[in-house]
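Structure first, then comments.
The values are calculated or read from the model by the stated rules, or taken from the named source; none is laboratory data. Bear in mind the structure is a predicted one, so any value in this text is a computation, not a measurement. FYI the Cβ positions are ideal-geometry reconstructions off the backbone, even for glycines, and counts take in every protein chain you see. Ligands, DNA and RNA are stripped out before the accessible areas are found, and what is left, the full protein with its side chains, is counted by its heavy atoms. Shrake-Rupley method; radii C 1.70, N 1.55, O 1.52, S 1.80 Å.
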Amino acid sequence: MKYKSVISFVSETLKRSLPILLMLRKPDWAISFPLSVDPNRLDKKTIGEVVANSCLVTSAKMSVSSEKNGLMLYYNEYSFYSQKVVMALYEKHLLFTPHSIELTGEQYQPWFLQINPKGEVPVLQDTGKIISDSARIIDYLEDNFSNGDTPRLVPQDQGTEVKHKVTNFRNLIDKINGNILTVGSLLHPELATGSKKVPFIAPVRSRLLNADKENARNLKKYAEENPDARQMLLEKADNQEKKREKLLNKDEFVKLLNETEKVFDKIEAELAEHDANGRQDWWLCTDRFTVADISLTILMLRISQIGMEPYFWIEGKRPQVEKYFARVQQRESYKKTAPTAFSLVKTIFKTQTSLILGGLFGKKNH
């Protein structure tokens, strides 16, 4: 089988691989094509070689990071809150060992519940210390890794006004739950009129909707299978049912969107003030990239992925916010954090390589 372009290859791969699209893997693992490989002439042998080489590179990276400082991050590549921690680690130039957790039940396995009894990611392990919750993890990194080549995410040398502004904007933005925005956009697609991006493309959206619908039932099932975590899982199931019932009401979701717009109004005003005073190179609060910028970046990334950019900033609605997002996408930490189309292809090769390749390049049965 020949593909006219890498894009067509990715598209065809996704169509044939829906059962495993939601399995999420390590961001440090990447598919890279040698200069001698023509992307327009991909075949089974070539792809196998590329994947094998990529795996070797990943193993080397992880062994180096593990020896450097002992940080291990239990996370999920597409998890809204995991992405905040991943970006913070890259902004602080900290090496770490990523351990991907599949959010299709692995987070409720006994071994992981021993690490985090709530069954949630992200979780940071620093030798003998375990820290859960994205905000607490970032604060821990800031308190313990802010020396030399490890920049601070809350400036300590620009006065109390800057510190307070960073903290206030961070708290304001962190009140917006990216997961609830995501589910609401799936339940009310008429409000998400922008282009959808990985992983929230059309084939995956229907599976995500079904997964959300079945989530409470699955949690109750896990509760019966894990007596030690039964109460916690049943509480999660109850909260899930209440959340879904509320989000099914379009008016309730619109209220959430209105509250989010108020936050973006304040962000637009702050960025406009910078622009009016010749501070076009400033980020949200100062000339340095701070923890508030991480919160804003990951929120904007999710809004962009679910196709809600027109609701909040593009087409002249909030021009300063739009310029900010275009600029932040050029940061290395963003590029390393934001999933790409190849992230999905990577997942396919790491989970069911032979099965998928057989389907792609083997004979079809009619």
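Contact annotation: residue pairs with Cβ atoms under 8 Å, 6 or more positions apart or on different chains, pairing a residue in the range 271-283 that is closer than 23 Å to VAL154 by Cβ with a partner that is open to solvent by 70 Å² or more (accessible area, probe 1.4 Å) and in a loop (DSSP other than H, G, I, E, B), are HIS274/GLN280; HIS274/TRP282; ARG279/ASP287; ASP281/ASP287. Taking the criterion of being closer than 20 Å to GLU315 by Cβ and of a type in the set (S, T, N, Q), the residues of the range 181-200 that qualify are SER185, THR193, SER195. Residues in the range 151-164 that are of a type in the set (A, V, I, L, M) and within 22 Å of SER333 (Cα to Cα) were compared, and the one that is least open to solvent (accessible area, probe 1.4 Å) is LEU153.
Of all residue pairs spaced 6 or more apart or on separate chains, those with beta-carbon atoms under 8 Å, a first member in the range 319-345 that is within 20 Å of LEU271 (Cα to Cα) and a second member that is at pLDDT 95 or above and open to solvent by 70 Å² or more (accessible area, probe 1.4 Å) are GLN329/LYS335. A residue that is within 30 Å of ASP212 (Cβ to Cβ) and open to solvent by 70 Å² or more (accessible area, probe 1.4 Å) can be found somewhere in the range 93-106.
Within the range 61-71, is even one residue among the hydrophobic types (A, V, I, L, M, F, W, C), modelled with pLDDT of 50 or more and under 27 Å from THR290 (Cβ atoms)? Spell out the reasoning first.
Of all residues in the range 61-71, those among the hydrophobic types (A, V, I, L, M, F, W, C) come to 62, 64, 71.
Of the ones still in play, those that are also modelled with pLDDT of 50 or more are 71.
Right, trim to under 27 Å from THR290 (Cβ atoms) and you get 71.
There is at least one residue in the range 61-71 that is among the hydrophobic types (A, V, I, L, M, F, W, C), modelled with pLDDT of 50 or more and under 27 Å from THR290 (Cβ atoms).
Could you tell me how many of the residues in the range 303-320 are surrounded by fewer than 21 Cβ atoms within 10 Å (Cβ to Cβ) and assigned to a helix (DSSP H, G or I)? Matching residues across the range 303-320 total 4.
Quick one: in the range 168-183, which of the residues that are assigned to a helix (DSSP H, G or I) and within 17 Å of the chain's Cα centre (by Cα) is surrounded by the fewest Cβ atoms within 10 Å (Cβ to Cβ)?
ASN179
Candidates GLU270, GLU252: the one that is among the acidic types (Asp, Glu), surrounded by 14 or more Cβ atoms within 10 Å (Cβ to Cβ) and at pLDDT 95 or above is GLU270.
The rows are residues; the columns are (1) in contact with a helix residue (DSSP H, G or I) (Cβ under 6 Å, 6 or more places away or on another chain); (2) part of a helix (DSSP H, G or I); (3) surrounded by fewer than 18 Cβ atoms within 10 Å (Cβ to Cβ).
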site	(1), (2), (3)
ASP149	no, no, yes
VAL166	yes, yes, no
LYS236	yes, yes, no
GLU245	no, yes, yes
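Total residues in the range 203-234 satisfying the condition of being closer than 30 Å to ALA341 by Cβ, surrounded by 12 or more Cβ atoms within 10 Å (Cβ to Cβ) and polar (S, T, N, Q): the figure is 2.
Among the residues of the range 321-366, those identified as part of a helix (DSSP H, G or I), open to solvent by less than 20 Å² (accessible area, probe 1.4 Å), of a type outside the set (S, T, N, Q) and modelled with pLDDT of 95 or more are VAL321, TYR324, PHE325, VAL328. Candidates LYS129, LYS163, LYS196, LYS118: the one that is over 25 Å from ASP251 (Cβ atoms), in contact (Cβ under 8 Å) with a residue 40 or more places away in the chain and of a type in the set (D, E, K, R) is LYS118. Checking each residue in the range 282-302 for being out of contact with any His (no Cβ under 9 Å at 6 or more places or on another chain) and open to solvent by 20 Å² or more (accessible area, probe 1.4 Å) picks out ASP287, ARG288.
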